[in-house]
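Please read the structure below before turning to the comments.
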Amino acid sequence: MYIPKFNEETRVEVLHGLIGSQPLATLVTMGASGLIATHLPMVLSPGENAPDILRGHVSRANPQWRELDASVEALAIFAGTEHYITPSWYPEKFEDGKVVPTWNYAVVHVYGSVRLVEDPGWLLTHLKSLTAQHESAFARPWAVTDAPEDYIASQLRGIVGIEIPVRRMEGKWKVSQNKSEQTRESIEKGLEDLGTPASVAMRDLVRGKRP
C-alpha cells in the first residue's frame, strides 16, 4: 500500500482498535484462477511473545480455500471511517481556486500466510469467540449453545477455518494531515455541518490527527 509518511499509522493499539471496531475484512488470496476475494468477519488475537493471529472462516462451497496458493501471502483489508472531502470547504478555493476534491479514509492492511483448519473443535471455539464478540452489545446475547447441538454440528461441516499469523501490518490514516491548520479547521466545520454519522466520525479523525 502506498503510504506517504504523514499518513502512516504505526501504533499497534490504534491498528488493533480499527480491526476490532471494523472486523469485516476483505480477504484477498492467490488461487489457480488468479486473485480472489471474500468478505468475512475476522477476530484478531494479539500475541504477547508470538505473532498476532487473525481467524475467520469461509463457506466450504467457496472456491477460495480450495484454490489457495499457500506460497503467496494473503492480504486482509479492514476499512474504517471514510468520507468525501469537497474543495468547497477549502479557503484556497476563494483565494486562487487551485483545489481539487479528495477522499479521506482510515484503513489497515494485514499480511500473512494462510493456514486452513477443518478440525471441528477449532471451528466451534472460533465460532463461539466470534459470536461472543458481536453479541456482547445486545441485552440478551445469542450464544452458539442456544442452537441444537446437532444443528451446530451440521453447520460446522459447511465451513473451513482460516488462520493467519500476522507477518506485517500497515495502517494508513488519510485525514487531511497535509493541509494547513486553517484548511483543516474549515474541513472539520464542513463535516460537522453535514451532521451525518459518517461525517462526524471523519471530523473526529481530522481533529485528532494533528501534524
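On inspection, E92 qualifies as surrounded by 15 or more Cβ atoms within 10 Å (Cβ to Cβ) and part of a helix (DSSP H, G or I). Within the range 148-156, not a single residue is modelled with pLDDT of 95 or more, in a loop (DSSP other than H, G, I, E, B) and among the polar types (S, T, N, Q). If you go through the range 106-119 and keep only what is over 21 Å from P51 (Cβ atoms) and surrounded by 14 or more Cβ atoms within 10 Å (Cβ to Cβ), you end up with just A106.
Going through (1) surrounded by 13 or more Cβ atoms within 10 Å (Cβ to Cβ); (2) part of a strand (DSSP E or B); (3) of a type outside the set (K, R) one by one, L35 falls short only on (1). Screening E135 on (1) of a type in the set (D, E, K, R); (2) within 30 Å of T10 (Cβ to Cβ); (3) touching a Phe, Trp or Tyr at 6+ places or on another chain (Cβ under 7 Å) shows it passes everything except condition (2).
Within the range 64-76, identify whether any single residue is within 16 Å of E163 (Cβ to Cβ) and of a type in the set (S, T, N, Q), and answer yes or no. The answer is yes; a qualifying residue exists.
Say whether the condition of being among the acidic types (D, E), part of a loop (DSSP other than H, G, I, E, B) and either surrounded by fewer than 13 Cβ atoms within 10 Å (Cβ to Cβ) or within 23 Å of the chain's Cα centre (by Cα) (or both) is met by at least one residue in the range 95-105. Checking the range 95-105: at least one residue is among the acidic types (D, E), part of a loop (DSSP other than H, G, I, E, B) and either surrounded by fewer than 13 Cβ atoms within 10 Å (Cβ to Cβ) or within 23 Å of the chain's Cα centre (by Cα) (or both).
Sort out which residues of the range 54-71 are part of a loop (DSSP other than H, G, I, E, B), of a type in the set (A, V, I, L, M) and surrounded by 14 or more Cβ atoms within 10 Å (Cβ to Cβ), and write them in order of number.
Residue satisfying the conditions is L68 alone.
Here are M42, M30: which of them is surrounded by 16 or more Cβ atoms within 10 Å (Cβ to Cβ), within 16 Å of the chain's Cα centre (by Cα), under 18 Å from V114 (Cβ atoms) and in contact (Cβ under 8 Å) with a residue 40 or more places away in the chain? After applying the criteria, what remains is M42. Which of the residues belonging to the range 166-211 are more than 17 Å from N104 (Cα to Cα) and either basic (K, R) or surrounded by 15 or more Cβ atoms within 10 Å (Cβ to Cβ) (or both)? Those that are more than 17 Å from N104 (Cα to Cα) and either basic (K, R) or surrounded by 15 or more Cβ atoms within 10 Å (Cβ to Cβ) (or both): V166, R167, R168, M169.
The values are calculated or read from the model by the stated rules, or taken from the named source; none is laboratory data. Values in this document were obtained by computation on a predicted structure and should not be read as measured data. Note: ideal-geometry Cβ built from the backbone for every residue, glycine included; neighbour counts use all protein chains shown.
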